[in-house]
Amino acid sequence: MSEAAAAWLRPRRRAGRTAKSLLAFVAALATTLLGLLVATFILGRVIPHDPVVAVIGDNATPEAYAAMRSKLGLDQPLLTQLGIYLDNVAHGDLGISLVTSRPVAEDLRARMPATMELATLATIFGALVGIPAGVLAAARHGRLTDQLVRVAALLGYSVPVFWLGLLFLLVFYLKLDLLPGPGRISVWNQGIVPTVTGSLLVDSLLAGETDVFWDAAAHLVMPVTILGLIAVAYICRMTRGFMLYQLKQEYVLTATVKGAGRLRILWNHAFRNTLVQVVTIVALNSGLALEGAVLTEAVFDWPGIGSYATEALFRADMNGVLGVTLLIGVVFVIINALTDLAYRFLDPRVA
């Protein structure tokens, strides 16, 4: 084959490989989402809870019970019920909440921004503190600094969220009066800012309401710190492990022999080679923050999907519980998909 023909074929082969890779990625994503939907459907069927009784109550007549069972499609074969469930979810129908008497999808749409604001800030805090702490601990391996960082990370990972949240409220709200109490915003600032993005910080800035912004920011300090400390512990421990492995590699010894500075070896060489793993743990932590928000929101009366799930559990509202479960699962799938895409930019060797 001539050089001209090879040059003509090379970009087309590259485009073909890219197209195949993209199709494989989309197929894997679709399969994962389908598996998540099936798992959620099975979960709703194996839980010892009768959705008919939840809707019409315990004292309904057998005729009313049978009519409601038929209306909900529970008298159909299991595969038919699965098909109905998948079709409903595809159209955004997650059922009606027993807590609010509104569609679950609308409730989740209204509450998700509050949780995302909380989880995103906690993840950013965890990354900004946890990554440097992990690198520092690895650089000072076996010394006092490393021991202190490891103990702090262990405590942050082990202390119960609800206990730490109550302690923060007791100290910083009740005793010292440094921070506002539970809730997302003070009563006198409610309803001032129109909802645009759902994030009070962003919406207050867009509306030019700086007083509302600082009030919302003050209410975020304690719950973000609680979730952020857990993120710091997780990210710090994992970053330390990745860095210790890299610092034992031969290229570090070679760079040291050539006279490279300690900071350059740490950040330009060792940390650069752990970047893909660090991105993975930060991305996973953003999903874990959504799970941790369930207890945090319950303690701080935060109007997000965590408190919504808690209310649904206490009221045996399985539509609400399964809706939150499905939403968190979808967020995890999307985060993993975006992380896979980020790999291609961080490491060209990833196919």
Inset, instruction - Provide the per-residue ³J(HN,Hα) series for the stretch 68-76, in order, calculated from phi with Karplus coefficients 6.51, -1.76, 1.60 and θ = phi - 60°, each as a whole number of Hz, with x at glycine and proline positions. - result: 5, 4, 5, 4, 7, x, 7, 8, 8
Legend entry - Label-reachable residues, the stretch 60-97, where backbone N falls under 15 Å from a point 7 Å from VAL53's Cα toward its Cβ: 60-62, 65-66, 69
Legend entry - Candidates ALA127, ALA316, ALA138, ranked by Gaussian network fluctuation over the chain, Cα under 10 Å, top entry: ALA316
Inset, instruction - Determine ³J(HN,Hα), in whole Hz, for all residues of the stretch 267-275 in sequence, where each value follows from phi through the Karplus function 6.51 cos²θ - 1.76 cosθ + 1.60 and θ = phi - 60°; x replaces Gly and Pro. - result: 8, 7, 10, 5, 5, 4, 7, 9, 4
Legend entry - Residue-span extension gain [VAL171 to ILE334] - 0.36 nm each, minus C-alpha spacing: 54.9 nm
Legend entry - Computed over the chain: relative contact order in percent, which uses C-alpha pairs under 8 Å that are six or more apart: 25 percent
Inset, instruction - Please work out whether the stretch 230-351 counts as rounded, prolate or oblate from its C-alpha gyration tensor, where a ≥ b ≥ c are the square roots of the eigenvalues and a/c under 1.5 means rounded, while otherwise a/b larger than b/c means prolate and anything else oblate? - result: prolate
Inset, instruction - For THR197 paired with ASP301, estimate the spin-label separation in nm (one decimal), with each label point 7 Å from Cα along the Cα-to-Cβ line. - result: 2.7 nm
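How big is Rg to Rh over the stretch 146-234, alpha-carbon atoms, Rh as the Kirkwood inverse-mean-distance radius?
Radius of gyration over Kirkwood radius for the stretch 146-234 works out to 1.08.
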Legend entry - Highest average packing first - 77-85, 197-205, Cβ atoms within 10 Å: 197-205, 77-85
Legend entry - Ranking of TYR308, TYR245 by count of other Cβ atoms within 10 Å, fewest first: TYR245, TYR308
Inset, instruction - Let me have the 222 nm mean residue ellipticity of the chain computed from DSSP H runs of 4+ only, each contributing -39500 (n - 2.57), with the sum over all residues rounded to the nearest 500. - result: -24500 deg cm²/dmol
Legend entry - Likely footprinting exposure, HIS141, HIS219, fewest C-beta neighbours within 10 Å first: HIS141, HIS219
Inset, instruction - Report the extension gain between ASN88 and ASP211 in nm, rounded to one decimal, defined as 0.36 nm multiplied by the number of residues separating them, less their alpha carbon distance. - result: 40.0 nm
Legend entry - P(r) weight above 33 Å for the stretch 104-346, C-alpha pairs, percent: 28 percent
Legend entry - 5 angstrom amide H check on ILE96, placed H, neighbours 5+ away: VAL104
Inset, instruction - For the stretch 197-213, take each phi angle, set θ = phi - 60°, evaluate the Karplus expression 6.51 cos²θ - 1.76 cosθ + 1.60, and give the result in whole Hz per residue in order, putting x for glycine and proline. - result: 9, x, 8, 5, 4, 5, 5, 5, 5, 5, 7, x, 9, 5, 5, 5, 4
Inset, instruction - Report the calculated FRET efficiency for LEU34 and ASN268 (r = Cβ-Cβ distance, R0 = 56 Å), to the nearest 0.05. - result: 0.85
Legend entry - Inter-label distance for ALA260 and TYR343, nm, one decimal - labels placed 7 Å from Cα along Cα-to-Cβ: 2.4 nm
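Each value in this text was obtained by applying a stated rule to the coordinates, not by laboratory testing. On a predicted model such as this, the values are computed, not experimentally measured, just so you know. Glycine gets a Cβ as well: all are built from the backbone with ideal geometry, and neighbour counts include every protein chain shown.
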